[in-house]
Every structure is written in C-alpha cells, then in structure tokens.
1. Under 9 Å by Cβ, and 6 or more places apart or on different chains, what pairs join a residue from region 10-39 that is farther than 11 Å from Leu88 by Cβ with one that is part of a helix (DSSP H, G or I) and among the basic types (Lys, Arg)?
2. Starting from region 115-142, take each residue that is of a type in the set (D, E, K, R) and list its partners that are at pLDDT 95 or above, counting only C-beta distances under 6 angstrom and pairs at least six apart or across chains.
3. Regarding Ala150, is this residue of a type in the set (A, V, I, L, M), more than 18 Å from Asp251 (Cα to Cα) and part of a helix (DSSP H, G or I)?
4. Out of all the residues in region 128-142, which are surrounded by fewer than 24 Cβ atoms within 10 Å (Cβ to Cβ) and assigned to a helix (DSSP H, G or I)?
5. Take Tyr59 and decide whether it is surrounded by fewer than 21 Cβ atoms within 10 Å (Cβ to Cβ), within 30 Å of Gly229 (Cα to Cα) and aromatic (Phe, Trp, Tyr).
6. Kindly establish whether Val94 is in contact with a helix residue (DSSP H, G or I) (Cβ under 9 Å, 6 or more places away or on another chain), crowded, with 19+ Cβ neighbours inside 10 Å and assigned to a strand (DSSP E or B).
7. Looking at (1) surrounded by fewer than 23 Cβ atoms within 10 Å (Cβ to Cβ); (2) in contact with a helix residue (DSSP H, G or I) (Cβ under 6 Å, 6 or more places away or on another chain), can you tell me which one Leu70 breaks?
8. Could you count how many residues in region 143-171 are surrounded by fewer than 16 Cβ atoms within 10 Å (Cβ to Cβ) and under 14 Å from Val239 (Cα atoms)?
Amino acid sequence: MNYRTNEEIEIQRHSALMVSATLTEVTKILKPGLRTIDIDKMAETFIRDNGGIPSFKNYGDPRNPYPYALCISVNEAVVHGFPSDYELKDGDIVSIDCGFYKNGFHGDHAYTFAIGEVRQEVLDLIRVTKESLYLGIAQAITGNRTGDIAFAIENHTNRKHGYGVVRELVGHGVGRDMHEDPQVPNYGKRGSGKRLQENQVLAIEPMINLGTRHIYTADDGWTIVTEDGLPSVHFEHDVCVKKGKPDILSDYSPIEKAEKANSNLNSSYYTL
C-alpha cells in the first residue's frame, strides 16, 4: 500500500480538483441531442489545455487499450462506456468518469447526471447511491478497514433499499498509478479487509443497479452492462484517509452548482 507525504497529498489534490473542473465544464453542456463523443472531445481538450494528460486514454491491455479520455455510461451501462455517436435523450441517465494526470499523480472520479424527465424510481436510485458514497467516505479514517466502507455502502443501498450492488468491480487506491492497493469493495462486513492507514488515498465508488447486481461485458471488451437491462448509477470521490475525519480531495460543489443551473438536467433528487 502507498502512503503519501503531506506535500504529495497536495499535488494529488490538484489532479483531483482538475477532474472536478473537467466534470464541471461537461455539466454545463449536457442536453438532449448532444453526442457523447463530443463530450469526450471537449473534455480531452480541457484536460490538455490545463497541462494534464487524460488518465484513461490508452489505459489497460495494449492489445485493447481504452481509446477515450472519458468513460461515458448511459442508462444500463454501469461503467467504462465508450463515447460514441449516441445522442443523449430526455429521460436518460449518464455516468461520466474522468481521470487527470499531472506532476506524477492521478485524480479519478465520477458523477451521474439525469437528463430531463427521468423516472422517479431512477431519481431515487441516484439519490441513494450518492448518499451511500458519503456514508462510505465517513468510514475512511485511520484504523478502520476497507470492510467498514464496504458495509456502509451495501447496508444503505442493498439492505435498506433493495438495489443490486456490483461485486465484480471495486474502488481502489489511487496515486502515482491509477489503480493501486487496497481494493475497496462496495459490499462486505464491518471489521474485515485491509486496515486503513493515514495518508492513503482511495477512490471510493459505489456502482449500484436498480435491479440485479449481475453484469456482463459488451462486445467492445470494456463497457460493463447490467444483465437485466435496468439502469445503473456510479459516483466516485478521491479520499485521503485521516484520523477522525477523511479528507475529500475532489469537489462536487462546482459540479452541483452547474447541474442546478443547467435547465436540461434534473437535480430534483437532491437531499444532501
């Protein structure tokens, strides 16, 4: 496991906040009729104009590297969705995951948006998943274990609300590499898993399905889709483990401000 100096934490905070800034710019343009490939192109330009490198582009197996700057996952796509000529429609939900690399450190987080008139049951799924993210983050303190984060997320989403919690994909450490130890599942038992140490940085990311937890990989080798075709929601923050209270390195507040200002987006799920 990798522990950061306080100076390194501040460098990584900048990368995390640049992901937040990129997602904020994306939020401003979201609307029905917008092609997801155009979202990706705009975001890559913004990242590079700000001195960063898109963490996701060309990531993974060199035989089939991820080819885009963003993962854009619509409706039943859980994560890793390819930007394409698909035009967003009224009633869609879209998870946008972004990575920003600069000065040796990655930022990596995600946000799910509701386009226009989205069904109430799906808005409820967005709300509960976002709530679960913060319940999980609250457990990211020195001396706790990864299972404490996992239990908080699963308890809220599955035990209280009956949603499917994806098990095959997990949160993770993040820093000099985009995926580091420890793994941070979204299901588990209190007191289980790796013990958390001060100045570890975690990407905590509940991936929660309206229906079954079961998923499959699409023909592109990347896009993860719900087995029953029902919607899935994904939120993710970069979090530094601290004594007593975690330090969230990324920032949703400018994204939320832009979300509320964009009349094409539905933010009526807010309870936070």
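1. If the second residue must be part of a helix (DSSP H, G or I) and among the basic types (Lys, Arg), the pairs left are Thr24/Lys257; Thr27/Lys257.
2. Glu117/Asp90; Glu117/Gly91; Lys130/Phe235
3. yes
4. Within region 128-142, the subset surrounded by fewer than 24 Cβ atoms within 10 Å (Cβ to Cβ) is 128, 130-131, 134-135, 137-139, 141-142.
Correct list: Val128, Lys130, Glu131, Tyr134, Leu135, Ile137.
5. Judged against the criteria, Tyr59 is a match.
6. So Val94 fits the description; yes.
7. In the conditions (1) surrounded by fewer than 23 Cβ atoms within 10 Å (Cβ to Cβ); (2) in contact with a helix residue (DSSP H, G or I) (Cβ under 6 Å, 6 or more places away or on another chain), Leu70 misses (1) alone.
8. 0
The values are calculated or read from the model by the stated rules, or taken from the named source; none is laboratory data. None of these values were measured; they are calculated from a predicted model. Because the Cβ atoms are built from the backbone with ideal geometry, glycine has one as well, and the counts that use them run over all protein chains shown.
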